[in-house]
Amino acid sequence: MPATTLDSRTALVVIDLQRGLSQVPCVHPFQEVVANTVRLAEAFRRVGLPVVLVTVSFSPDGGDRLRSRTQVPARPIPNAPEFTQLVPELGPKPGDLLITKHQWSAFYGTELDLQLRRRQVTGIVLAGVATSIGVDTTARAAHERAYNLTFASDAMTDTDIAAHDFAMSKIFPRIGEVDTTDALLALLGRG
C-alpha cells in the first residue's frame, strides 16, 4: 500500500549513510540511495522538519562492541575516524540532529527518542542501510514507541537481496507505509 500521509511533525531519520559503509557491496547502488536521501533531507530542511543523521561507531578500545555468541560473525567495523563520517552529500547541515549508535537500533542507548519527543515528532520517514539490520531494528523500536512510520523504498539498501525484500514486503507494511522518494516528496509538499 502506498503512503497516504505524513504527520505534520515528521522527522527524516537516516541510518548509517557514512563513508565506511559506502564501500560495502549492496543490492541497490549506494550512490542512488544517497541521492534519494539527499533529496528527502533537503526537502525536510526546507519546510523546517527535523533531519536526524545516525552513524554507527565504537570507542577506540572497542569496549562498547557487542560480543554475543552468534552463528554468523559480525562484519568488522574499523575504528578509523573517516569510517564514521557521513557521506559528504548529506552534510550535516545546521540544525540537523546527529546520533551515534553502538549497535543496530538507533533508539537503544541513544537520545533519539528524547530528541524527537522534545520536538513533538509523531512520524518518522526512514532511509539508509542496511534495510534488514539498522533500518529494520530502528523501525521496530520506533513502532514500539508509537511513531507513525513511512519507509522511503528507494532510499535504502542492504547487502542481501532476500533480507532486503523480506523487510520491504513482509515487515515494513505491518508497521508503517512504504513508498518511493518521489511519492514522499509529493506528500511533504502537501503538508
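The values are calculated or read from the model by the stated rules, or taken from the named source; none is laboratory data. This one's a predicted model, so the numbers in the text were calculated from it and none came from an experiment. We place every Cβ from the backbone using ideal geometry, glycine too, and count neighbours over all the protein chains shown. The area values use the complete protein model at the heavy-atom level, side chains included, leaving out ligands, DNA and RNA. Shrake-Rupley method; radii C 1.70, N 1.55, O 1.52, S 1.80 Å.
Restricting attention to region 147-191 and to residues that are aromatic (Phe, Trp, Tyr) and part of a helix (DSSP H, G or I), the residue that is surrounded by the fewest Cβ atoms within 10 Å (Cβ to Cβ) turns out to be 166. Taken over region 1-21, the criterion of being in a helix (DSSP H, G or I) and surrounded by fewer than 17 Cβ atoms within 10 Å (Cβ to Cβ) is satisfied by 19 alone. Give all pairs with beta carbons closer than 9 Å in which a residue from region 171-187 that is over 10 Å from residue 153 (Cβ atoms) meets a residue that is small (Gly, Ala, Ser) and in a helix (DSSP H, G or I); count only pairs at least 6 apart in sequence or on separate chains. If the second residue must be small (Gly, Ala, Ser) and in a helix (DSSP H, G or I), the pairs left are 171/132; 171/139; 175/139; 175/142; 176/139; 176/142; 185/43.
Considering only region 164-180, I want to know if a residue exists there that is more than 19 Å from residue 104 (Cα to Cα) and in contact with an Asp or Glu (Cβ under 7 Å, 6 or more places away or on another chain). Yes; the residues of region 164-180 include at least one that is more than 19 Å from residue 104 (Cα to Cα) and in contact with an Asp or Glu (Cβ under 7 Å, 6 or more places away or on another chain). In region 7-33, the residues that are on the phi < 0 side of the Ramachandran plot and among the basic types (Lys, Arg) form Cβ pairs under 6 Å with partners that are part of a loop (DSSP other than H, G, I, E, B) and open to solvent by 10 Å² or more (accessible area, probe 1.4 Å), at six or more places apart or across chains, as follows: 9/120; 9/122; 19/85. Just so you know, in region 22-37 the residues that are modelled with pLDDT of 80 or more and assigned to a helix (DSSP H, G or I) include one that is nearest to residue 53 (Cα to Cα), and it is 37. In summary, residue 64 fulfils each of the numbered conditions (1) open to solvent by less than 70 Å² (accessible area, probe 1.4 Å); (2) without any contact (Cβ under 8 Å) to a residue 40 or more places away in the chain; (3) not in a loop (DSSP other than H, G, I, E, B) with the single exception of condition (3). When region 33-61 is limited to residues that are open to solvent by less than 30 Å² (accessible area, probe 1.4 Å), of a type in the set (A, V, I, L, M) and out of contact with any Asp or Glu (no Cβ under 6 Å at 6 or more places or on another chain), the one that is nearest to residue 23 (Cα to Cα) turns out to be 33. Against the conditions (1) under 12 Å from residue 128 (Cα atoms); (2) in contact with a helix residue (DSSP H, G or I) (Cβ under 6 Å, 6 or more places away or on another chain); (3) part of a helix (DSSP H, G or I); (4) modelled with pLDDT of 95 or more, residue 43 satisfies every one except (1).
The rows are residues; the columns are (1) open to solvent by 30 Å² or more (accessible area, probe 1.4 Å); (2) in a strand (DSSP E or B); (3) touching a strand residue (DSSP E or B) at 6+ places or on another chain (Cβ under 7 Å).
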| position | (1), (2), (3) |
| --- | --- |
| 72 | yes, no, no |
| 105 | no, no, no |
| 136 | no, no, no |
| 139 | no, no, yes |
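Taking residue 98 as the residue in question, decide whether it is assigned to a strand (DSSP E or B), open to solvent by 40 Å² or more (accessible area, probe 1.4 Å) and touching a strand residue (DSSP E or B) at 6+ places or on another chain (Cβ under 6 Å). So residue 98 passes the test.
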